[in-house]
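The values are calculated or read from the model by the stated rules, or taken from the named source; none is laboratory data. These numbers come from a predicted model, not from an experiment. Neighbour counts run over all protein chains shown; Cβ positions are idealised from the backbone, glycine included.
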Amino acid sequence: MKSITTARRTAQETIRLGVIMNGVTGRMGANQHLARSIVAIREAGGIPAPGGRVIWPDPILVGRNERKLRALADEHGFERWSTDLGACLDDPADAIYFDALTTRLRPAAVRAAIAAGKHVYCEKPIAPDLATAVDLARAARTAGVKNGVVQDKLWLPGLLKLRRLLDSGFCGRLLSVRLEFGYWVFPGTDSPPSQRPSWNYRREDGGGIFLDMYCHWQYVLEGLFGPIRSVVAVGATHLPERVDEEGRPYRATAEDAAYGILQLGRGVIAQVNSSWVTRVRRDDLLTIHVDGTEGSAVAGLRACRAQSRAETPVAIWNPDLPQTLDFREGWREVDADKDFDNAFKAQWELFLRHVALGEPFPWDFLQGARGVQLAQLAQRSWREGCVVEVPELTL
Ligand SMILES: NC(=O)c1ccc[n+]([C@@H]2O[C@H](COP(=O)([O-])OP(=O)(O)OC[C@H]3O[C@@H](n4cnc5c(N)ncnc54)[C@H](O)[C@@H]3O)[C@@H](O)[C@H]2O)c1
């Protein structure tokens with residue numbers, strides 16, 4: 001494995017980008033960002049750049065726990081790791097700071113990285129509240145550092161296929177969207193053990209499904225269907241007790257389900273259910289059902305199925321007789337043969353190209369702040385029991 005870190009880069013000119021990866025021992029840091037993105041990019045020989053050059057990310061793994069860092073570094077054949085973030089930020093050899101810390105810890109670390117002149121890429125949400133998110137976006141702009149936030153769902157194969165279908169005009173005039181996200185996250189009170197980090201269920205630690213998922217739904221809905229005009233939402237903490245990583249019971253202070261209705265541009269209505277307390281009987285953990293005048297589509301994480309107006313069955317309501325129609329038939333898979341890269345890796349490549357080559361990267365901190373804004377407005381709607389307009393956010 002060591003060969004990954006030391007191999008190649010003889011014949012081609014290499015654009016080395018040192019990446020300080022903070023929080024890399026966590027769930028997202030270790031799997032999606034290190035293994036599935038940075039390591040995968042290196043295993044593919046780097047990112048081809050104009051003039052036969054290659055962009056080569058060179059990570060330094062940063063965290064609190066020496067043992068975990070050493071194990072992760074050994075696993076992937078990396079030599080550089082550190083428990084001293086300050087020293088890493090002081091080193092001019094590493095141009096990029098990446099942050100996959102828990103949400104509450106992110107702003108301070110990102111601020112320090114901006115002050116050190118690093119380009120910054122980070123997990124969503126960029127901050128636990130809008131004021132802090134906007135502040136970070138302003139700081140990055142003032143410092144002139146490149147900045148980006150993870151918006152991985154845009155590169156999910158199912159959503160890329162849906163995007164193509166919508167662009168082709170298949171659905172006609174869009175009417176409504178039904179987004180279903182969620183699955184049963186075991187609370188750990190009996191087996192199996194709890195599945196997600198306990199901070200996800202504590203508001204004081206930046207947890208809660210509004211903040212976690214609405215920053216995704218903001219760019220998913222706007223990217224596919226157009227601007228979000230208003231939101232009305234209700235949240236709930238259905239399971240008030242969970243068990244943490246050490247097996248200790250704790251009180252869940254954040255909502256584990258969020259039920260929202262959003263009005264989009266051109267009269268499109270989106271119903272958005274997000275839940276960690278639902279059992280799945282649908283095609284995937286995320287499904288987006290779109291109805292239009294000419295056709296409908298259902299996208300999952302990987303697949304997208306469509307039904308045209310001509311293929312739509314004539315449904316007849318008669319509870320006295322068994323249903324004769326199979327409503328799952330009559331849908332065909334779109335672009336079934338198409339393969340796509342890992343969504344996180346796809347966005348990493350774009351960010352690294354942005355830094356190395358100055359190519360555009362629209363998923364910046366301001367865009368990240370729009371996600372935090374939607375989460376915050378949805379929570380306000382829940383608190384105040386009203387429909388809340390979504391104003392345009394600028395710096
Ligand atoms: N893009 C996505 O689909 C997606 C999915 C899940 C989580 N996330 C985001 O990724 C981020 C991390 O989530 P996760 O599920 O990997 O969490 P996690 O708890 O598994 O990892 C958090 C990391 O922060 C570190 N950390 C925690 N407390 C610390 C402290 N006091 N000092 C220094 N380091 C500390 C941990 O050691 C760990 O490395 C969150 O902001 C979350 O919103 C994104």
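On the basis of being closer than 22 Å to residue 224 by Cβ, in a helix (DSSP H, G or I), away from the ligand (no atom under 14 Å from the Cβ) and touching a residue at least 24 places away in the same chain (Cβ under 8 Å), does residue 162 make the cut? Outline the logic, then answer.
Numbers: closer than 22 Å to residue 224 by Cβ: yes; in a helix (DSSP H, G or I): yes; away from the ligand (no atom under 14 Å from the Cβ): yes; touching a residue at least 24 places away in the same chain (Cβ under 8 Å): yes.
Spelling it out, residue 162 is indeed closer than 22 Å to residue 224 by Cβ, in a helix (DSSP H, G or I), away from the ligand (no atom under 14 Å from the Cβ) and touching a residue at least 24 places away in the same chain (Cβ under 8 Å).
Conditions (1) outside any helix (DSSP H, G or I); (2) touching a Phe, Trp or Tyr at 6+ places or on another chain (Cβ under 9 Å); (3) not assigned by TED's automatic domain parsing to the domain that holds residue 28, marked per residue:
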residue: 323; (1), (2), (3): yes, no, yes
residue: 329; (1), (2), (3): yes, no, yes
residue: 348; (1), (2), (3): no, yes, no
residue: 351; (1), (2), (3): no, yes, no
residue: 355; (1), (2), (3): no, yes, no
residue: 359; (1), (2), (3): yes, no, no
residue: 376; (1), (2), (3): no, yes, yes
residue: 379; (1), (2), (3): no, yes, yes
residue: 382; (1), (2), (3): no, yes, yes
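Among the residues of the range 168-203, which ones are of a type in the set (Ser, Thr, Tyr), assigned to a helix (DSSP H, G or I) and over 27 Å from residue 288 (Cβ atoms)?
Answer for the range 168-203, where residues must be of a type in the set (Ser, Thr, Tyr), assigned to a helix (DSSP H, G or I) and over 27 Å from residue 288 (Cβ atoms): just 198.
Out of everything in the range 9-67 that is in a loop (DSSP other than H, G, I, E, B) and out of contact with any Gly (no Cβ under 9 Å at 6 or more places or on another chain), what residue ends up being farthest from the ligand (Cβ to nearest atom)?
10
Restricting attention to the range 208-220, does a residue exist that is surrounded by fewer than 19 Cβ atoms within 10 Å (Cβ to Cβ) and not in a loop (DSSP other than H, G, I, E, B)?
no
Do we find a residue being under 24 Å from the mean Cα position of the chain (by Cα) and not aromatic (Phe, Trp, Tyr) anywhere in the range 307-329?
Within the range 307-329, not a single residue is under 24 Å from the mean Cα position of the chain (by Cα) and not aromatic (Phe, Trp, Tyr).
So which residues in the range 112-125 are within 15 Å of the ligand (Cβ to nearest atom) and either part of a strand (DSSP E or B) or under 17 Å from residue 142 (Cα atoms) (or both)?
Answer for the range 112-125, where residues must be within 15 Å of the ligand (Cβ to nearest atom) and either part of a strand (DSSP E or B) or under 17 Å from residue 142 (Cα atoms) (or both): 112, 113, 120, 121, 122.
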